[in-house]
Amino acid sequence: MKSFTIAAVNLKRFVRDRSNVFFVFIFPMLLILVLGSAFGGDFQARLGVIAESEDPLAQDLVTRLQAIETVAVVEADSAEGALRSVERGELEAAVIIPADYDEAIGSGRTVSVEFLARSAQEASSLRSNVESAITQQAVVLRAARFAESEGLATFDAALSTATATEGFIGDVSVDVVAVGEAFALDELGQFDSSAQTQLLLFVFLTSLAGSSALIQTRRLGVARRMIATPTQVRNVLVGEGLGRFAVALVQGLFIMIGTWLIFGVDWGDPILATVILLLFSLVGSGAAMLMGAVFSNDEQAGGMGVLLGLGLAALGGCMMPLQVFELIAPGLYTVAHITPHAWGLEAFDSIVLSNGTFTDIAVFLLILVGYAVVFYALAIWRLRVVLTR
Amino acid sequence: MTQRTLECSGLRKVFDDLVAVDDVGFHIDAGETYGLLGPNGAGKTTSISMISGLLMRDGGTVTVGGREMTTTSTDAKALLGLVPQDIAVYPDLTARENLTFFGRLYDMDGKTLKARADEVLEIIGLSDRADDRTEDFSGGMKRRLNIGIGLLHKPALLILDEPTVGVDPQSRNAILESVEHLSREGMAVLYTTHYMEEAERLCDRVGIIDHGQIKAEGTRRELVQMVGQHDRVRLETTGSVDAAVAALDALDGVAKSDGGDGSIELLVIEAGEHLTEILSVVTESGVAVSGVDIDEPNLESVFLHLTGRALRD
C-alpha cells in the first residue's frame, strides 16, 4: 500500500508540472501522426478537383480520380480556392481540368491538366495516381481516335465502344521472381521497420527520463525521510517506479490506440499488444529506477538516458530490423538480444506478422519480466546502499 | 525499572579512514529533552542518523521503546519522529498534502489523518497557508512544516537535528516554544544544536560531543561543576571592604574573594544558594551594597574547558 501512496504522489507531482503535459499528450500525438503517416494503411490523400467543364470527358476523368482507393476527391469551387487550400495544407494536392478539355481532345489538340502540390516530394505518390487515371482515359481516347482514323466509326461512336469494352480487357500483371542470393539491404523491404519499433524506442527513452523523479526525491531529502518512517527502501523504490510505469503505459497506450483509430496501424491482437507494452513499460521504469539510484544529478542521468535509450534501441533492432543483423552479422543478432528491445520486437513481430498467440510469445514475455525483476532488484540494492551507508 | 524511550550505547561509525562517531551512548526518558551539543562536524547528525535507523552503524546498539532499531526495523521507526536538518518536503505539494503523504507512510488512516493534519497545522501556525504550495513559503514556514511532519503521528521520541539553522528570530522562538510544549506533554526529545543558548533553554540533560565522542554529559549544573567552573558574583559597594572580604573568605561556598575600589568580586559555588548569606556578611561588616551582578558559567565555557576550543570554531 505504501508503494501506491508514493506512486500516487509521484503522479500528482508529474501531472502538476505543466511541461509534462507536452510529453504525456502532445508529444505522443506528434508520434501518432508520424507513425500513422509512415505505417498507417487507410490513409487517404485529399485531392481537390476543379472541373471547369461539365462535358462528358472532363466528368469521366473526375470519376476515374474518385475511383482511386487511396485518394479522397474534394470538389473545389475555383482554382484560386484550391491553391489556397493546398498552401494551407487542407489539401495534399489539386487537379484543374480546363473548360476546353473535351473540345481540345475532340479536335485532336494537346490539353494540359494542371497539378498543384506544395512540393514534388510530398505529392509524388499522389501525382502518380493522377497520372495513372489520365493515362487510363488516354488509352481509351487513343483507341477511339485510331478507329476514327481507320474510317471504322466516328470519334464519338468509337469512344463509346472503347469505353464500353474497357472493363473487359484484362490487366497485364508482372510477377517478379528473385534469383540468386540477395544483398542484405535488398531485404529491407521484406522486413520493413514498423510502428512497433518506434513505440518501444519512445517508451524506453521517455521512461529513462523518469529517473529524474527519483533523483529529485533523493536530492530533496524526502527519500531519506521516507525510510525514517516505517517504510522499507523497496517500498520507496517500487512506489517511485510505479509512478513512472503508469506514465509510460499511458503514453504507450495513447500512441497505440491513436495510431490504430486514426490511421489503422496494425498492432496485432490488442490484448497481447497491451501485455507486451505493459511489460516493456515495467522494464523501462525499472531501468529508470536503476539510473535514478546510481546517478546523483539530473544532468548525468539525462545525458546517460539519451545515450542508453538510443543506443539500446539501435542495438535492439529499433533502427535497423533484427533480421538485417542476422543477414549481415549473425553475431550482432545474438548481441542484440542483450537488450529488452529485441525481445519486445520479437513478441510484436510474432503477433503482428504471424498472428502469434499468448503461448507463442510467452517466452518473450517471461524474458521481459526477468529484465524488470533484475532492474528493480539492482535499483533497490543500490538505493539502499546510497541511503543507508 | 521503567523502560527508556531511547537507549543507545557504544555507537560507532567509520567512513573510510575517518572515525565519525566513537562509543557514543546515552538514554532519554519520556518527557525529557536531551541535547547533543557540539560544533559542526562533531558527529551529531551521524549519531542521530544511526539512532533513527537511517544509517547502518559499525557498532553499538539502539533501542526505541524497547524495540531494536536497525535500518529495516519498522516497529521501532513507528515510535520515532525525525526532523532532519535540511528541509525535506515536496516543494510542489501543499503543506497539507505533504503532511497527508507522510501521515500515510506512518500508517495513519483517512479521518484520523485529516484531523491530526489540521491539529499539526494549528500547532505550527500554518493553518491559513495549509493549501498553498510549500515552494511559496518563507524559510521559517518551511522549517515549521519540516517539524510538523515529525510530530504528525505523535511519536514517543522526537528527534530534531538543528531545527533552527537559518531561521529568523521569530520562527526560532516559535520552534523552541513548540519543543518545550511537546516535552511538557510527555514526549521524549533528542535535540541537536551548536547553539549553546538553545541547549540551556530546552534541555534537561546535555551531552557535549566533539570529534565523534561524548566528552561529558549531565544537567547544565552538573556539567559546570564537573569542570570546576564557579559562578562569578560582583557586589557594588561603598566603604572599606577589607573586613568584608576577610569574612567572605571564611564562608562555605565561596572559593575566592577580592576587594577592589568600590566593589567585591567572588567566585562562588551555586551563587543562588549562598547569595543571602553573602549579602548579610557584607552588610554586617559595615559595607553598603548598591548593586549585585551574578555571572553563571554557561555551556560555552564548559565546552571550551573540555575541548580547548569554542563551540563555533
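Any read-out appearing in this document is the output of simple, stated calculations on the displayed coordinates, not a laboratory observation. This structure is a prediction, so every number in the text was calculated from the model and none was measured. As a convention, Cβ positions derive from the backbone with ideal geometry for all residues, glycine included, and neighbour counts pool all protein chains shown.
Stokes-Einstein diffusion coefficient for chain A at 20 °C in a medium of 1.002 mPa s, Rh from the Kirkwood formula over Cα pairs: what value in µm²/s? Result for D is 85 µm²/s. Taking only the C-alpha atoms of segment B:230-296, Rg followed by Dmax gives 10.2, 27 Å.
Given segment A:237-313, what whole percent of its Cα pairs are spread farther than 16 Å?
So the portion of pairs separated by more than 16 Å is 58 percent.
Please report, largest first and rounded to whole Å, the three semi-axes of the ellipsoid equivalent to the protein assembly as shown, where each semi-axis is the square root of five times an eigenvalue of the C-alpha gyration tensor. Present the calculation step by step, with values, prior to reporting the outcome.
Numbers: eigenvalues 1530, 155, 72 Å².
In descending order, the three semi-axes are 87, 28, 19 Å.
Largest GNM mean-square fluctuation among A:Leu322, A:Leu312, A:Leu91, using chain A with Cα springs under 10 Å: A:Leu91.
Take chain B, connect every pair of alpha-carbon atoms lying under 10 Å apart with a spring to form a Gaussian network, then pick out the residue of B:Gly228, B:Gly150, B:Gly286 with the largest mean-square fluctuation. Highest fluctuation of the listed residues: B:Gly286. With helices as the sole contributors, the protein assembly as shown gives -16500 deg cm²/dmol at 222 nm; each DSSP H run of n ≥ 4 counts as -39500 (n - 2.57), and the sum is divided by every residue.
Each of A:Leu65, A:Leu282, A:Leu200, A:Leu378 was scored by other Cβ atoms within 10 Å of its Cβ. Arranged with the fewest first, they read A:Leu378, A:Leu65, A:Leu282, A:Leu200.
For the residues A:Asp266, A:Asp156, A:Asp60, a GNM of chain A with alpha-carbon springs under 10 Å puts the largest fluctuation on A:Asp156. Once divided by 2.2 N^0.38 Å, the Cα radius of gyration of segment B:6-225 becomes 0.99.
Have a look at the DSSP beta bridges in chain B and tell me what percent are antiparallel, nearest 5.
Details: 40 of 58 bridges.
About 70 percent, rounded to the nearest 5.
Whole-Hz Karplus values for segment A:213-225 come out as 5, 5, 4, 5, 4, 5, 5, 6, x, 6, 4, 5, 5 Hz, taken residue by residue from phi with 6.51 cos²θ - 1.76 cosθ + 1.60 and θ = phi - 60°; glycine and proline positions read x. Take the Cα of A:Val306, step 7 Å toward its Cβ, do the same at A:Phe23, and the gap between the two points is 1.3 nm. For segment B:1-51, the orientation-averaged shadow of the C-alpha convex hull comes to 4.0 nm² (one quarter of the hull surface). When only alpha carbons of segment B:159-206 are considered, Rg and Dmax amount to 10.1, 28 Å. Size check on segment B:97-229: the Cα extents along the three principal axes, sorted descending, read 54, 29, 27 Å.
As a test of the definition: which semi-axes, in Å, follow for segment A:45-166 when you take the square root of five times each eigenvalue of its alpha carbon gyration tensor? Largest first, please.
Working: eigenvalues 167, 40, 25 Å².
Three semi-axes, in Å: 29, 14, 11.
In segment B:1-133, the alpha-carbon atoms span a convex hull of 147 Å³ per residue.
What number comes out for the charge environment of B:Ala78, summing +1 per Lys or Arg and -1 per Asp or Glu over other residues with Cβ under 9 Å away?
On the way: positive: B:Arg67, B:Lys77; negative: B:Asp75, B:Asp107.
Once all neighbours under 9 Å are counted, the net charge is 0.
Mind sorting B:Leu151, A:Leu61, A:Leu47 by how few other Cβ atoms lie within 10 Å of their own Cβ, fewest first? Mind dumping the intermediate values first?
On the way: B:Leu151 20, A:Leu61 24, A:Leu47 28.
Fewest-to-most ranking of B:Leu151, A:Leu61, A:Leu47: B:Leu151, A:Leu61, A:Leu47.
Can you say what percent of the DSSP beta bridges in the protein assembly as shown, counting only those with both residues inside, are antiparallel? Round to 5. Rounded to the nearest five, the antiparallel share is 60 percent. Counted over all Cα-Cα pairs of segment B:184-313, pairs farther apart than 23 Å make up 44 percent.
For segment B:133-165, applying the loop criterion from DSSP together with a ceiling of 12 other beta carbons within 10 Å to the trypsin sites (Lys or Arg not before Pro) yields no site. Taking a Cβ cut-off of under 9 Å around A:Ile351, the surrounding Lys, Arg, Asp and Glu residues balance to a net charge of -3, with basic ones at +1 and acidic ones at -1. All other residues whose Cβ lies under 14 angstrom from that of A:Arg234 are scored, Lys and Arg at +1 and Asp and Glu at -1, for a net of +2. Free of any GluC sites (Glu not before Pro) that DSSP assigns to a loop and that have at most 10 other C-beta atoms within 10 Å, the longest stretch within chain A is A:182-389.
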